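Colleague: One structure, as structure tokens, below. Some questions next.
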Amino acid sequence: MTDEQWEVVSELIPEPHSGRTVVAGRGAALWKDLSRRFSPYHTCHRRFQHWVRTGVLRQVLEALSQDPYERSEIKLAECFIDGSFSRAKKGTGAEVGKTKRGAETKLMAVADSQGVPIAAYLASASLREVTSAQATLDDRFVVEPPQRLVGDKAYDSDRLDQALLQEAIELIAPHWSNRYQLTQDRRPLRRYRQRWKAERLFAWSHNFRCLMVRRERYPKTSSASSTSVAS
């Protein structure tokens with residue numbers, strides 16, 4: 001976390017003299033793997049869980065995202081949605097589904113036109129991505145919704161299309177080959193070529209081991225860990 005970012009959120013965090021080490025150290029796969037330059041790992045874990053329960057961490061994430069948005073550094077004209085699987089280490093708990101590779105969970109994310117994450121959501125790996133799209137958008141860090149949302153064929157759904165239109169969001173996704181009624185032509189689909197920005201976001205996020213493997217049993221704590229690293 002940079003000095004500029006810390007200046008934005010320091011007033012939101014209880015015990016700010018040690019709070020920065022908790023935020024900065026969350027990239028580890030295991031709490032006990034935290035570097036010795038941070039607070040004791042059990043202290044970091046306890047404070048992190050407290051922030052999740054009391055809503056402190058959510059306020060921090062929103063402040064970190066809203067500040068660059070107000071400075072026009074986050075572009076919402078065109079955003080991209082995708083999901084990535086993470087192996088559930090314990091294999092139990094909420095939002096864990098069975099796949100061919102075993103028990104997994106899915107991290108959904110929305111990136112802006114520059115690849116900056118503006119939303120993240122934890123879902124069961126057994127659910128289709130289209131069913132989690134609305135919940136992912138509702139859990140975004142910024143107040144304003146994207147103007148266009150670009151996804152792959154997994155998001156080709158009339159129901160999702162209509163739901164997003166009520167929020168003035170245009171859905172852009174290639175049609176399934178068996179679709180009977182076409183809803184968009186090639187002109188907006190040209191924007192689909194930029195969907196690599198969402199894939200790049202996940203490629204970057206896989207540098208953090210706590211996003212590669214879910215080790216937290218409780219979904220709120222696991223989701224908070226994912227969103228704090230992603231943002």
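The values are calculated or read from the model by the stated rules, or taken from the named source; none is laboratory data. Just so you know, these numbers come straight off a predicted model, no measurement behind them. Every residue, glycine as well, gets a Cβ built from its backbone with ideal geometry; the counts of neighbours run over all protein chains shown.
Colleague: Quick check, is THR43 of a type in the set (Val, Ile, Thr), exposed (fewer than 14 other Cβ atoms within 10 Å of the Cβ) and modelled with pLDDT of 65 or more?
Modeller: No.
One line per residue, one yes/no per condition, for (1) touching an Asp or Glu at 6+ places or on another chain (Cβ under 7 Å); (2) modelled with pLDDT of 85 or more:
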{"position": "VAL143", "(1), (2)": "no, yes"}
{"position": "ALA163", "(1), (2)": "no, yes"}
{"position": "GLN181", "(1), (2)": "no, no"}
{"position": "ARG187", "(1), (2)": "no, no"}
{"position": "ARG191", "(1), (2)": "yes, no"}
{"position": "PHE202", "(1), (2)": "yes, no"}
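Colleague: For residues in the range 11-33 being buried (at least 16 other Cβ atoms within 10 Å of the Cβ) and modelled with pLDDT of 65 or more, which is nearest to ASP67 (Cα to Cα)?
Modeller: The qualifying residue nearest to ASP67 (Cα to Cα) is LEU12.
Colleague: So which residues in the range 135-159 are outside any loop (DSSP other than H, G, I, E, B) and under 19 Å from the mean Cα position of the chain (by Cα), if there are any at all? Full working, then the answer.
Modeller: The first filter runs over the range 135-159 and keeps only residues outside any loop (DSSP other than H, G, I, E, B), leaving 135-138, 140, 148-150, 153-155, 158-159.
Hits for the range 135-159 are ALA135, THR136, LEU137, ASP138, ARG140, ARG148, LEU149, VAL150, ALA154, TYR155.
Colleague: Still on this structure, please answer the following. I'm trying to understand the selection: among the residues of the range 107-144, which are in contact (Cβ under 8 Å) with a residue 60 or more places away in the chain and of a type in the set (Ser, Thr, Tyr)?
Modeller: SER113, TYR121
Colleague: Given GLN147, GLN162, GLN166, which one is polar (S, T, N, Q) and in contact (Cβ under 8 Å) with a residue 12 or more places away in the chain?
Modeller: GLN147
Colleague: Pull up the range 141-160, narrow it to residues that are of a type in the set (A, V, I, L, M) and over 13 Å from ALA111 (Cβ atoms), then point me to the one that is surrounded by the most Cβ atoms within 10 Å (Cβ to Cβ).
Modeller: The initial filter retains those residues of the range 141-160 that are of a type in the set (A, V, I, L, M), namely 142-143, 149-150, 154, 160.
From the residues that got through so far, the ones that are over 13 Å from ALA111 (Cβ atoms) too are 143, 154, 160.
Values: VAL143: 9, ALA154: 17, LEU160: 19.
Taking the candidates together, the pick is LEU160.
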